[in-house]
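Here is the structure we will look at.
The values are calculated or read from the model by the stated rules, or taken from the named source; none is laboratory data. Keep in mind that this is a model prediction, so the values were computed, not measured. Positions of Cβ are backbone-derived with ideal geometry, glycine not excepted, and every protein chain shown enters the neighbour counts.
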Amino acid sequence: MWTRASGHEVPVADRFEWFTETVSTDVMPVAINTDRAGDFHAGVGAIELGALTVSTLEFSPVWSRRTPAHIRRGDPEQYQLALIQGNAMKACQLGRDSGLVVDGFIVTNTSAPLECDTDRDGGPIHAIVLQIPRSELPLRAGRADHLVARRLPRTGLGAVMADFLTSLRDNGPDCRSEELPALGRLALDLATAFLAEQLGTVGATPPEIRTRALLERAKVFIERNLGDPDLTPRAVADHHNISLRGLYALFRDEPEGVAALIRTRRLERCRADLARPELRALPVQMIAARWGLSNATVFGRAFRQAYGLSPGEYRRHALGSGSARVVEGSCTLRRPSPTGRA
């Protein structure tokens, strides 16, 4: 279940105290200080994914300390993988200092004393925190401690992990309760593969976890390259250094094969653009070409088959009535804007 709370609903004079109490109660006991208590910005959200939890936090610059006394008062016995955005933040733990991190990851261990600080002259920090019980992480005991208080990059599997966490933040409210445990398993698989990659022990990661991580990387690559007319299963396979047969095997248990996924996501992008008033003057075929669909006849036939209307009819319905007939599935990951070949 997804829960959110906004500090803007709390009187300004009480906002910092509300944030401190919320974090100490819902995340872990910790002492927090700020020099902006008089105009503090804060928001907290959480979604439970079975044994794992994803917390979202937005807050003005602070500095915090978790002491042995705090640990005795409450220890969830977790590794916390935090994606830091907005302002910069750093962590000091187990004798290491991450330095200020922005647009990257920091790992911390709730069972060890911890000090955190932010760029106190900057704006709000945005953090998405994956809370992983140590008993659930399939890495050798203590191995993840080698990554604590180090800056982990948002590249490779880190980029996949960041996209996944951002998706959960943005689309969590739309997820059905029965979907959440599966998302938790995927989050654990991605986090395990990402941490193992950083440890240089990918080969020691269970094969099924490496497979699911590769599948997610392939999906992200497809999403980012939908506008490329040369995006084909072969291009996806070549980019990931696997055979075409291996790529098909990767998607064997998915609802759609790789070619069908590319087609579906392109049609969904076209449908979204056709409903945008600011694109009203853009010809239908130009929108299709924008998402890699250059054949007008094939596009029109596929669109009607998927949505029951021609592209032109759909646009008139969407823009004429102010809302389009929606054909949606269940909870989906965030769809990043195409940025060229990843």
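Across the stretch 141-174, what is the number of residues that are surrounded by fewer than 22 Cβ atoms within 10 Å (Cβ to Cβ), in a loop (DSSP other than H, G, I, E, B) and touching a strand residue (DSSP E or B) at 6+ places or on another chain (Cβ under 7 Å)?
Looking only at that region, the number is 3.
Under the condition of being in contact with a Leu (Cβ under 9 Å, 6 or more places away or on another chain) and not in a helix (DSSP H, G or I), which residue from the stretch 296-334 is modelled with the highest pLDDT?
Taking the candidates together, the pick is Cys331.
Taking interchain pairs and intrachain pairs at least six residues apart, which have beta carbon atoms under 8 angstrom, with the first residue in the stretch 30-41 and polar (S, T, N, Q) and the second in a strand (DSSP E or B)?
Note: pairs meeting the criteria are Asn33/Trp63; Asn33/Ser64; Thr34/Trp63.
Please work out which residue is nearest to Ala51 (Cα to Cα), limiting yourself to the stretch 69-113 and to residues that are in contact with a Gly (Cβ under 8 Å, 6 or more places away or on another chain) and of a type in the set (Gly, Ala, Ser).
Gly104
Just checking, how many residues over the stretch 229-258 are loosely packed, with under 15 Cβ neighbours inside 10 Å and either touching a Ser or Thr at 6+ places or on another chain (Cβ under 8 Å) or under 13 Å from Arg290 (Cα atoms) (or both)?
Of the residues in that region, 3 qualify.
Residues that are touching a residue at least 60 places away in the same chain (Cβ under 8 Å) and not assigned by TED's automatic domain parsing to the domain that holds Arg151, at least 1 per element: which helices (runs of 4 or more DSSP H) completely within the stretch 194-290 meet that?
Correct list: 207-224, 233-239, 258-274, 284-290.
Restricting to the stretch 1-44, name every residue that is at pLDDT 90 or above and β-branched (Val, Ile, Thr).
Thr20, Thr22, Val23, Thr25, Val27, Val30, Ile32, Thr34, Val44
Restricting to the stretch 90-101, and then to whatever is buried (at least 18 other Cβ atoms within 10 Å of the Cβ) and farther than 14 Å from Arg65 by Cα, can you tell me which residue is nearest to the chain's Cα centre (by Cα)?
Among those that are buried (at least 18 other Cβ atoms within 10 Å of the Cβ) and farther than 14 Å from Arg65 by Cα, it is Val101.
Matching residues to (1) at pLDDT below 95; (2) part of a strand (DSSP E or B); (3) not assigned by TED's automatic domain parsing to the domain that holds Pro173:
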residue: Ala46; (1), (2), (3): yes, yes, no
residue: Ser55; (1), (2), (3): yes, yes, no
residue: Pro61; (1), (2), (3): no, no, no
residue: Ile71; (1), (2), (3): no, no, no
residue: Gln80; (1), (2), (3): no, yes, no
residue: Ala91; (1), (2), (3): no, yes, no
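Among (1) of a type outside the set (Lys, Arg); (2) closer than 23 Å to Leu137 by Cα; (3) at pLDDT below 90; (4) within 19 Å of the chain's Cα centre (by Cα), where does Gly50 come up short?
The number of the failed condition is (3).
Given (1) farther than 17 Å from Leu137 by Cα; (2) surrounded by 21 or more Cβ atoms within 10 Å (Cβ to Cβ), identify the lone condition not met by Thr110.
(1)
Can you tell me which residue within the stretch 113-140, out of those that are surrounded by 22 or more Cβ atoms within 10 Å (Cβ to Cβ) and in contact with a Cys (Cβ under 8 Å, 6 or more places away or on another chain), is nearest to Thr166 (Cα to Cα)?
That would be Cys116.
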